[in-house]
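**Student:** Have a look at the structure that comes next, please.
The values are calculated or read from the model by the stated rules, or taken from the named source; none is laboratory data. Here the structure is a predicted model, which means the values were calculated and not measured. Neighbour counts are summed over all protein chains in view; Cβ atoms, including those assigned to glycine, are modelled from backbone coordinates with ideal geometry. These area figures cover heavy atoms from the full protein model, side chains too; ligands, DNA and RNA do not enter into them. Shrake-Rupley method; radii C 1.70, N 1.55, O 1.52, S 1.80 Å.
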Amino acid sequence: MRIREFQGPDVDQVVCLFYDTVHSVNAVDYSTEQLNAWAPKKGIEEKLESWNKSLSNNVTYVAEINGEIVGFSDMTHKGYLDRLYTHKDFQRQGVATALVNKLESVARKIKLTEINTEASVTAKPFFEHRGYQIIRSQNVERKGIILNNYQMSKKLVAE
């Protein structure tokens with residue numbers, strides 16, 4: 001597995017990976033209605049443009065295996081871990097761990113003392129295992145549909 005910085009041409013694979021992951025992996029914890037609100041098939045073109053911009057502005061890495069993007073994650077320069085997704089066929093193989101390790105390392109290098117995220121019900125155990133603490137459970141609205149997730153935070157210790 002190779003972890004590398006996101007590049008603009010990656011956005012097509014990243015958005016497809018996001019959609020597929022949400023609709024397969026997260027289907028255990030969310031209804032079809034919630035999944036469609038979270039990752040609607042409609043509006044992919046808009047997402048390609050907006051995500052290319054936000055992923056390029058953030059600290060963003062992709063994980064590749066044999067040239068295929070199997071995961072991605074991004075963090076703002078203020079320490080908000082925005083997105084973390086692993087391809088449905090590469091779950092529990094260390095992809096998310098490698099990506100978050102890279103983001104946490106960068107966060108320390110830029111002197112951040114904390115990382116915050118909003119974790120899905122599905123991702124909560126992963127983040128808890130990595131030392132993230134639940135700040136609070138919350139309900140977020142997407143296209144009029146309520147989804148439960150968790151505000152989580154991790155204090156960083158200098159390496």
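**Student:** Quick one: Karplus J couplings for segment 140-157, per residue in order, coefficients 6.51, -1.76, 1.60, θ = phi - 60°, nearest Hz, x for Gly and Pro?
**Tutor:** Taking θ as phi minus 60°, the curve returns 10, 9, 10, 6, x, 10, 8, 10, 8, 8, 10, 6, 9, 8, 9, 6, 9, 10 Hz for segment 140-157.
**Student:** Now a separate question. Convert each backbone phi in segment 21-31 into a coupling constant with the Karplus relation 6.51 cos²θ - 1.76 cosθ + 1.60 (shift: θ = phi - 60°), then list the ³J(HN,Hα) values in order as whole Hz, x for Gly and Pro.
**Tutor:** Each residue of segment 21-31 in turn: 5, 4, 6, 10, 5, 7, 5, 5, 10, 10, 6 Hz.
**Student:** Something else: Considering amide H positions built from the backbone, and no H for Pro or chain starts, which residues 5 or more places from His87, or on another chain, come under 5 Å of its amide H?
**Tutor:** Placed amide hydrogens put Gly71 under 5 Å from His87.
**Student:** Treating the beta-carbon of each Lys and Arg as +1 and of each Asp and Glu as -1, no other charges, what is the dipole magnitude of segment 13-159 about its Cα centre, to the nearest 20 debye?
**Tutor:** 420 debye
**Student:** State the volume of the convex hull built on the alpha-carbon positions of segment 45-128, expressed per residue in Å³ and rounded to an integer. Kindly include the intermediate steps, with their values, before the conclusion.
**Tutor:** Working: hull volume 9.6 nm³, N = 84.
In segment 45-128, the Cα hull volume divided by residue count equals 114 Å³.
**Student:** Then there's this: How big is the Cα convex hull of the chain in projection, averaged over all directions, in nm²?
**Tutor:** Projected over every direction and averaged, the Cα hull of the chain covers 8.9 nm².
**Student:** How do Thr32, Thr117, Thr76 rank by accessible surface area computed with a 1.4 Å probe, from largest to smallest? Present the calculation step by step, with values, prior to reporting the outcome.
**Tutor:** Values: Thr32 100, Thr117 5, Thr76 40 Å².
The ordering from most to least exposed comes out as Thr32, Thr76, Thr117.
**Student:** Work out from phi, with θ = phi - 60° and the Karplus expression 6.51 cos²θ - 1.76 cosθ + 1.60, the ³J(HN,Hα) of each residue of segment 97-112, listed in order in whole Hz, and give x for Gly and Pro.
**Tutor:** Ordered by residue, 3J(HN,Hα) equals 4, 4, 5, 5, 4, 5, 5, 5, 5, 4, 4, 5, 4, 8, 6, 7 Hz.
**Student:** Using protein chains only and a probe of 1.4 angstrom, how many square angstrom of Ile44 are accessible, to the nearest 10?
**Tutor:** The value for Ile44 is about 50 Å².
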